[in-house]
Amino acid sequence: MCAMARPRKPLLSTDRIVETARALVDAEGLAAVSTRRLAAELGVSGPSLYNHFRTKDEILEAVADSVSAQVDLSMFEDGREWRTALHDWAVSYRAALRDHPNIVPVLAQGPGRRPAGLRLADAVYGAMVDAGWPPAQATSIGALMRYFIMGSALGSFAGGFVDDQSAYDPADYPHLGQAHLLAEQQEKIDERAFETGLTALLDGLVQQFEQVKRTV
């Protein structure tokens, strides 16, 4: 009788390391990631990771880029008007960050050499230039959109208020009588605030674009 072959462990790959690291960041934050911890999660020896990544920072960069890769860029290629494209992209970008909030501090440092991050920047800039924005202003639009989207993902406004009504003494805070209710409506309030800010930002850009067209 032939002996049954032992089940083989999944081969270690860059994608598998990134997926495991991303899950760890999502669950426990950036501080939880170390080569020792990742090796344990993957069931391999620590040195084997160095065949794919030289440092922990390289792993976090790859995790950040994997989140950037989740952002939809099709709106810049399918003929959508530039304002609509920016809106739809911003919604997709924020959704990716909302699903992976713990990696936002790494993403906020800029794309660096990350391929997906650079493709994202290239798509936004290219779409704005193609729409008729001067290159310098197209750069500014990419920057301000990133500031707005990243800022919205760094923390929850509604979630920053405690649900203890006694914390809002009307003698000290006469206008915060309902603040203790904000946390329980966190998602609704934060989504509405994001959409309000995004609409105001894009409407302001439309006004600027009218001025640009008049000067061309």
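The values are calculated or read from the model by the stated rules, or taken from the named source; none is laboratory data. Small disclaimer: the values here were computed from a predicted structure and weren't measured. Methodologically, a virtual Cβ is constructed for each residue, glycine included, from the backbone with ideal geometry; neighbour enumeration extends over all protein chains shown. We work out accessible area using only protein heavy atoms, side chains counted, and drop any ligands, DNA or RNA first. Shrake-Rupley method; radii C 1.70, N 1.55, O 1.52, S 1.80 Å.
Near L24, once Lys and Arg are set to +1 and Asp and Glu to -1 for all other residues with Cβ below 9 Å from its Cβ, the sum equals -1. Note on the chain: GNM, Cα springs under 10 Å; of P47, P174, P134, the largest mean-square fluctuation is that of P174. Against the empirical curve 2.2 N^0.38 Å, the C-alpha radius of gyration of the stretch 63-118 lands at a ratio of 1.15.
Subtracting the Cα-Cα distance from 0.36 nm times the residue separation, let me have the gained length for A200 to R98 in nm, one decimal.
Working it through step by step, the gained length comes to 34.6 nm.
Probing with 1.4 Å while keeping every protein chain in the model, the per residue accessible area of the stretch 173-216 equals 70 Å². What's log10 of I(q)/I(0) for the stretch 18-95 at q = 0.11 Å⁻¹, Debye sum over Cα points only, no solvent? Listed by q, the Debye log ratios stand at -0.41. For the chain, with all protein chains present and a 1.4 Å probe, just round the carbon and sulfur fraction of the accessible area to a whole percent. Of the solvent-accessible surface of the chain, carbon and sulfur hold 54 percent. Against the longest principal axis of the chain, how steep is helix 135-154, in degrees 0 to 90 to the nearest 10, with axes from Cα atoms? The helix 135-154 is inclined about 70 degrees to the chain.
Net charge of the neighbourhood of G151, taken over other residues with C-beta under 14 Å away and scored Lys/Arg +1, Asp/Glu -1, is +2.
With +1 assigned to the C-beta of every Lys and Arg and -1 to the C-beta of every Asp and Glu, and no other charges, what is the dipole magnitude of the chain about the Cα centre in debye, to the nearest 20?
On the way: 21 positive and 28 negative charges, 227 e Å.
Dipole of the chain, to the nearest 20 debye: 1080 debye.
Using only alpha-carbon positions in the stretch 105-182, the gyration tensor eigenvalues give semi-axes of 41, 15, 8 Å once each is multiplied by 5 and square-rooted (largest first). If you build a Gaussian network model of the chain, linking Cα atoms that sit under 10 Å apart, which residue out of V67, V18, V206 swings the most? Of the options given, V206 has the highest mean-square fluctuation.
When the label point is put 7 Å from the Cα of E41 along its Cα-to-beta-carbon vector, which residues of the stretch 103-130 have a backbone N closer than 15 Å? Residues 103-104 fall inside that zone.
Could you give the accessible area per residue of the stretch 1-156, probe 1.4 Å, as a whole number in Å²? Each step should come with its number before you reach the end.
On the way: 8660 Å² over 156 residues.
Value for the stretch 1-156: 55 Å² per residue.
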